[in-house]
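The values are calculated or read from the model by the stated rules, or taken from the named source; none is laboratory data. In this text, all values refer to a predicted model and were calculated from it rather than measured experimentally. When we count neighbours, we look across all protein chains shown, and the Cβ atoms used for this are built from the backbone with ideal geometry, even at glycine. Quick note on the areas: whole protein, heavy atoms, side chains included, nothing else; ligands and nucleic acids left out. Shrake-Rupley method; radii C 1.70, N 1.55, O 1.52, S 1.80 Å.
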There are 2 protein chains.
Amino acid sequence: MSQKTQEPVVDKLTELATQDAKWITLKKIDYTDQTGKARTWEMATRKTRGKAGVDAVAMGNILLHPSRAPATLVWPAGLIDADETAEEAAVREFKEETGYDCKLVSMSPVQSADPGMSDANMKMAIVEVQLGEDDALPEQRLEDGEHIQRVIIPLAEFYDRLVEYSKKERFIVAAKLFHFAHGMHFAQTQKYM
Amino acid sequence: MSQKTQEPVVDKLTELATQDAKWITLKKIDYTDQTGKARTWEMATRKTRGKAGVDAVAMGNILLHPSRAPATLVWPAGLIDADETAEEAAVREFKEETGYDCKLVSMSPVQSADPGMSDANMKMAIVEVQLGEDDALPEQRLEDGEHIQRVIIPLAEFYDRLVEYSKKERFIVAAKLFHFAHGMHFAQTQKYM
């Protein structure tokens, strides 16, 4: 990536007071459980959810090339803007983060991003990108402060390559991405069905 | 589920001050980005991580029965105790939440549970349960306050049934579970490879 000149460094990690947080906050839930008993639960929550009622969208994607094996560009994701749909956000964010125009193939139901910890939710799109024979990687249109390294993996090597990335220092693979690839691998190698 | 007598109800949702939270908190990260510029990021974090260095484990599982189709018990998950390994937690939590003894088949690398929102991390186990021909569902050993309804889905219907659950009122499917099933479905139905 052309802008990259050094590894990012964490300079300081401090406790953040709820009233000073702009993007996320903490909530206490008082609830009555299945047996009628009063209980409490703590959760983190995003402050940015808009009219879609969904915080974020992730874009599973297939890059189709006339003469190369189908590949996936390790998955862009982003928050849905206040006034857009998940579908609009998927196409917009995909263009911004990868530079590619894409065709929306499917959109998942709403999913709970990390239940037990937060009420953040998301949908997963699947999109296709049709490349020409000689297409170069197009320019990204990143927002200020975004440093996203594009990693392209042949679809057939998706799981194995994520396992490899997990072994590298300073790398941790996102769980939803890993679970999708793991599910593919499981379906292709399992002996149960 | 025998203990279930009513739907749980949220009575009150209030802002929770960072200093009053017991399980989770908010952090501000001051960091220097790839171009040398100072930036900040907000994240939620768990306060319970122990010696394993991993917050939680989820148990993908296969129930093997002599004469029925292989099935999965919709995935238990839990926090890893301060002094146990992910492997120990997987077997313990599986027993507590399902009543079954299981055999650990595999353990994933560490994954980021919901990057962008938190530094929570997790591993995913795959476990097998060998049932006898006439085995009844064993007793769960739930902790006080846990109300977990066991849902058993034939492995071949995993994705379709999660899509159905997503359409029900008061239901939202956990994203990691959904992504694994979606990956299985994708591998079984895609025309790219």
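Of note:
- When residues in segment B:168-189 are screened for being loosely packed, with under 15 Cβ neighbours inside 10 Å and modelled with pLDDT of 95 or more, 2 of them pass.
- All positions within segment B:88-106 that are touching a residue at least 24 places away in the same chain (Cβ under 8 Å) and touching a helix residue (DSSP H, G or I) at 6+ places or on another chain (Cβ under 8 Å): B:Y100, B:D101, B:C102
- Yes/no for A:D135 being touching a residue at least 24 places away in the same chain (Cβ under 8 Å), out of contact with any helix residue (DSSP H, G or I) (no Cβ under 7 Å at 6 or more places or on another chain) and either acidic (D, E) or surrounded by 20 or more Cβ atoms within 10 Å (Cβ to Cβ) (or both): yes
- Within segment B:150-174, being under 16 Å from B:L73 (Cα atoms), facing chain A (nearest Cβ under 7 Å) and in contact with a strand residue (DSSP E or B) (Cβ under 6 Å, 6 or more places away or on another chain) holds for B:L155, B:V173, B:A174.
- Scanning segment A:9-65 for residues that are within 7 Å of chain B (Cβ to nearest Cβ), open to solvent by 40 Å² or more (accessible area, probe 1.4 Å) and among the small types (G, A, S) yields one hit, A:G36.
- A:A71 vs. criteria in contact with a helix residue (DSSP H, G or I) (Cβ under 9 Å, 6 or more places away or on another chain) and open to solvent by less than 30 Å² (accessible area, probe 1.4 Å): yes
- Residue in segment B:23-41 that is over 21 Å from B:D119 (Cα atoms) and not polar (S, T, N, Q) present: yes
- Within segment B:182-193, being more than 7 Å from every other protein chain (Cβ to nearest Cβ) and either closer than 30 Å to B:P8 by Cα or not in a loop (DSSP other than H, G, I, E, B) (or both) holds for B:H185, B:T189.
- Hey, A:K123 among the basic types (K, R) and either open to solvent by less than 10 Å² (accessible area, probe 1.4 Å) or part of a strand (DSSP E or B) (or both) or not: yes
- Yes/no for B:E97 being modelled with pLDDT of 95 or more and either surrounded by 15 or more Cβ atoms within 10 Å (Cβ to Cβ) or not acidic (D, E) (or both): no
- Scanning segment A:138-181 for residues that are basic (K, R) and in a loop (DSSP other than H, G, I, E, B) gives A:R141, A:R150, A:K168, A:R170.
- When restricted to residues that are β-branched (V, I, T) and in contact (Cβ under 8 Å) with a residue 24 or more places away in the chain, segment B:160-193 contains 0.
- Taking the conditions (1) under 18 Å from A:I172 (Cβ atoms); (2) touching a Gly at 6+ places or on another chain (Cβ under 7 Å); (3) of a type in the set (D, E, K, R) in turn, B:E139 satisfies each one other than (1).
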